[in-house]
Amino acid sequence: MATGADVRDILELGGPEGDAASGTISKKDIINPDKKKSKKSSETLTFKRPEGMHREVYALLYSDKKDAPPLLPSDTGQGYRTVKAKLGSKKVRPWKWMPFTNPARKDGAMFFHWRRAAEEGKDYPFARFNKTVQVPVYSEQEYQLYLHDDAWTKAETDHLFDLSRRFDLRFVVIHDRYDHQQFKKRSVEDLKERYYHICAKLANVRAVPGTDLKIPVFDAGHERRRKEQLERLYNRTPEQVAEEEYLLQELRKIEARKKEREKRSQDLQKLITAADTTAEQRRTERKAPKKKLPQKKEAEKPAVPETAGIKFPDFKSAGVTLRSQRMKLPSSVGQKKIKALEQMLLELGVELSPTPTEELVHMFNELRSDLVLLYELKQACANCEYELQMLRHRHEALARAGVLGGPTPPAPAPAPAPAEPAVSEPALGSDPSKDAIIDVVGAPLTPNSRKRRESASSSSSVKKAKKP
């Protein structure tokens, strides 16, 4: 006779130890035999991820259910919470070939398309994009009281508003479809002016007192002038286009020269201020006693611009320094100024590297600073003389051409700076008199003329300094 253990062994039931010992079968063992088995297997079968393997790679190789990696994406409820398609979970929604009408059409045309069966009888979804312009409607009484115009008849006004409704205020199309045989020939501006004038009148008449009105306004005169100017611009000849481009280029040159002249005047003013400040400072140092010289120099140190000579560095840091380092020119002094300074020192008979005593270092630095300031002042003066000479030549050329009134001025005396020709060479297709009229602000300096003038000014300044 078979016992309960034999029955449990045949049915592959693994109950608790008490039930196994007693050999009895419970109701739960027969109804739900898989739950306890799976629970037992899940408790016993546990695997650990190997060290060094990423979690994503391990998830592809192993899962709790020991399933193989899926070939297609599926929603298993594990891993990342990504929305995935649940294929086969519901029935496919049926589609139906059904007729529809477009509310935007007034001819009642019938069309067919595929649509879901649940949407049968609904309006055409794209009908909401049919936006129409609200053209005002007026009565006979309103026309006679407010809209009457001697230049327009009521039939012509009705025809205009009918076309406005048909073509959604596309006035170019309205003008093309306008009945010019039955009515007077009108332009697009005339049609717009009449339409917006009526809209403004009706808005004022029908407005509720105390409300803000948005009255459309159309300036027909401005529109006609705009189109006339556009037509003139379009009908320009190639010669007129070339002349306009030439005038624009000359205007840009004039503005560039004006800015350059303003910059030069500012630099010259800085140099003059620096020279005056340096002279006043030295005059004050001579009057002050020697003991109070350092304190007064620190207390009343004037604000000297950066362009005033040379600004030598101060060696106030701790440690041992050579006095000759104070004679080293800073990097802010360009090579051009350094060469001019050396040339001036050689002409004056001063050594380029004297013995660096305290007094000699101080005096040598002051001498070089004054020479650089003198060089800059001479350069600015030569620039001003050259510009003045150019303006004299151009004034003389304009007077000879008869542009300026009055007698012809006498020929100016020759200037030390090289001057360019009085009138620049005209461009192709341009008038020489036009160049003389436009280019009255002076031409920019060429590199060769600037170098020659700088060398001449430096040599002349040194010779003047040598004279007693």
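The values are calculated or read from the model by the stated rules, or taken from the named source; none is laboratory data. Remember, predicted model here, so these are calculated numbers, not experimental data. FYI the Cβ positions are ideal-geometry reconstructions off the backbone, even for glycines, and counts take in every protein chain you see. We work out accessible area using only protein heavy atoms, side chains counted, and drop any ligands, DNA or RNA first. Shrake-Rupley method; radii C 1.70, N 1.55, O 1.52, S 1.80 Å.
A few remarks follow.
- Failed condition for Lys201, given (1) of a type outside the set (Asp, Glu); (2) in contact (Cβ under 8 Å) with a residue 40 or more places away in the chain; (3) open to solvent by 60 Å² or more (accessible area, probe 1.4 Å); (4) in a loop (DSSP other than H, G, I, E, B): (4)
- Of the residues in segment 74-93, at least one is at pLDDT 60 or above, in contact with a strand residue (DSSP E or B) (Cβ under 7 Å, 6 or more places away or on another chain) and open to solvent by 80 Å² or more (accessible area, probe 1.4 Å).
- Sub-6 Å Cβ pairs linking a first residue in segment 123-140 that is outside the structural domain of Arg165 (by the TED database) to a second residue that is charged (D, E, K, R) and open to solvent by 70 Å² or more (accessible area, probe 1.4 Å), at least 6 apart or interchain, are Val135/Arg165, ordered by first then second residue.
- Met327 being touching a Leu at 6+ places or on another chain (Cβ under 6 Å) and either charged (D, E, K, R) or under 27 Å from Thr277 (Cα atoms) (or both): no
- Residue satisfying condition, being surrounded by 11 or more Cβ atoms within 10 Å (Cβ to Cβ) and either in a loop (DSSP other than H, G, I, E, B) or hydroxyl-bearing (Ser, Thr, Tyr) (or both), within set Arg194, Arg186: Arg186
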